[in-house]
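We did not get these values from a lab; they are worked out from the coordinates using the rules stated. All of these numbers come straight from a predicted model, not from anything done at the bench. So basically every Cβ, Gly included, is an ideal-geometry build from the backbone, and we count neighbours across all protein chains shown.
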Amino acid sequence: MVCDYHGSNVCHHRGDLKMDALLEISKTVIMLIIGIVGLAIFGIVFGLIFKGIDRKLAAHMQGRIGPPLRQPFRDIVKLFTKENIVPENAIPWAFNLAPIAGLIGAISILLYLPIIPGGEAGLVPLLPASGDLILVLYLLIIPSLAMVIGGFSSGSPYATVGAQREMTTMMAYEFPLAIIIISIVWRLSNNLVPVENAFTFTAISTASIFSIVGPLGFIGAILLLFVLIIVTPAELSKIPFDSPEAETEIGGGLLVEYSGRNLAMFYLTDGVKTIVMATIIIALFFPFNLSPVLGLENIAAFVVDIAFLLAKILLVVLFSVTLIRVGIARLKIDQIVYTYWVPLTLIALVGLICIMWDVWSLSPPVNGGLGWQTVFQMLGL
């Protein structure tokens with residue numbers, strides 16, 4: 001740019017603005033990269049830690065000593081040093097791409113979950129966006145779909161059977177999962193003080209469903225929580241919903257032909273997805289932080305909130321994974337489909353009805369509702 005004497009100040013000012021904009025963009029990109037890498041490390045490390053805790057707890061429940069807590073880390077190191085074998089009848093590019101796609105898909109979900117510090121807002125997502133709850137539901141399909149593609153591309157009849165079972169299981173648990181999400185979002189949107197952008201984790205984290213419902217709504221929320229706890233082991237392919245792998249029937253199913261680093265990446269995907277599912281349950285039903293209660297700020301608040309989040313994840317893993325897989329035997333694929341499509345879907349629908357009736361009962365008479373006082377009078381209470 002060429003400027004005369006009188007316009008030189010304007011040119012310098014425009015140049016400074018452009019430089020400031022570039023610096024701001026560069027800073028944002030760098031912080032975003034650091035956040036993505038940090039969340040990836042967080043998901044992988046704590047995913048393996050909780051896998052070790054799960055195995056240790058399950059062993060003690062069955063009267064065994066069990067492996068040490070660091071065993072998952074040993075398994076990963078060992079797998080990455082082993083030879084990566086591609087079957088002769090496999091489609092090499094799809095066979096090798098599936099584990100990478102599954103791990104990337106699982107890590108990408110962490111970017112939209114409330115995990116990083118957000119100041120007074122507590123824990124917030126790294127990439128908050130309008131409708132990120134719906135986006136997460138779609139992203140949850142990627143790891144399972146990657147396993148299906150890997151199974152079909154391996155050329156093994158056992159893996160093909162496992163891939164077919166995985167697809168059937170996915171179709172089975174998606175319906176009750178959708179009912180849970182719709183019920184919670186609908187309740188938040190129809191509160192006396194409606195929550196804006198209810199399809200975002202940021203909005204859901206600011207208003208727990210248990211804090212805004214009445215007696216019927218509380219019962220409905222408990223039913224929805226129960227269903228989501230039962231959906232979790234199917235999402236993670238854990239007993240009793242692990243028929244796609246079923247080592248005693250189809251020799252590992254989807255993963256029967258995988259070895260070396262490819263098997264290690266699927267192992268890491270399972271660990272990251274464990275953190276993802278537990279965090280989703282916490283964000284939907286228990287989005288509470290300790291720092292406001294203790295009056296903490298800045299780094300101290302972040303440390304306490306993260307520690308509290310990890311404690312809640314441990315409880316979710318205990319009740320939704322460990323206790324279920326220890327107490328219940330593996331179901332057949334037709335039993336899995338029946339379980340999700342009939343009893344669990346009906347329970348979720350009952351929970352939705354309870355929440356809808358709760359909203360109607362809590363609404364003041366001027367808004368078309370009866371109000372709980374009127375309801376109790378009608379029941380003679």
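Taking a label point 7 Å from the Cα of residue 357 along the Cα→Cβ vector, which residues of region 218-252 have an amide N closer than 15 Å to it?
218-224
Per residue and in Å³, how big is the convex hull formed by the alpha-carbon atoms of the chain?
Convex hull volume per residue, Cα atoms: 216 Å³.
Of 98, 180, 49, whose Cα points farthest to the positive end of the dipole of the chain (charges on the beta-carbon: +1 Lys, Arg; -1 Asp, Glu; origin at the Cα centre)?
About the Cα centre, the residue reaching furthest to the positive side is 49.
Fully extended, how many nm does the chain gain between residue 318 and residue 218 (0.36 nm per residue separation, minus their Cα-Cα distance)?
33.7 nm
Could you work out the longest stretch of the chain that avoids the trypsin sites (Lys or Arg not before Pro) located in DSSP loops with at most 14 other Cβ atoms within 10 Å?
Excluding the exposed sites themselves, the longest stretch runs over 83-331.
If each DSSP helix of 4+ residues adds -39,500 (n - 2.57) and the sum is divided by the residues in the chain, what number results at 222 nm, nearest 500 deg cm²/dmol?
After summing the helix terms and dividing by the residues of the chain, the value is -22000 deg cm²/dmol.
In debye, nearest 20, what is the charge dipole magnitude of the chain about its Cα centre with +1 on Lys and Arg Cβ and -1 on Asp and Glu Cβ, if you could check?
With only Lys, Arg, Asp and Glu charged at Cβ, the dipole is about 840 debye.
Explain nothing, just the number: relative contact order of the chain, from Cα pairs under 8 Å at least 6 residues apart, as a whole percent.
24
Run the reach check for residue 51 against aspartates and glutamates, Cα to Cα strictly under 13 Å, same-chain hits fewer than 8 apart removed. What comes back?
Straight-distance partners of residue 51: 75, 270.
What's the extension gain from residue 36 to residue 296 if we count 0.36 nm per residue and subtract their Cα-Cα distance?
Between residue 36 and residue 296, full extension yields an extra 91.0 nm.
Does region 107-192 come out rounded, prolate or oblate by the C-alpha gyration tensor, with a ≥ b ≥ c the root eigenvalues, rounded set by a/c under 1.5 and, if not, prolate when a/b is larger than b/c and oblate if not?
oblate
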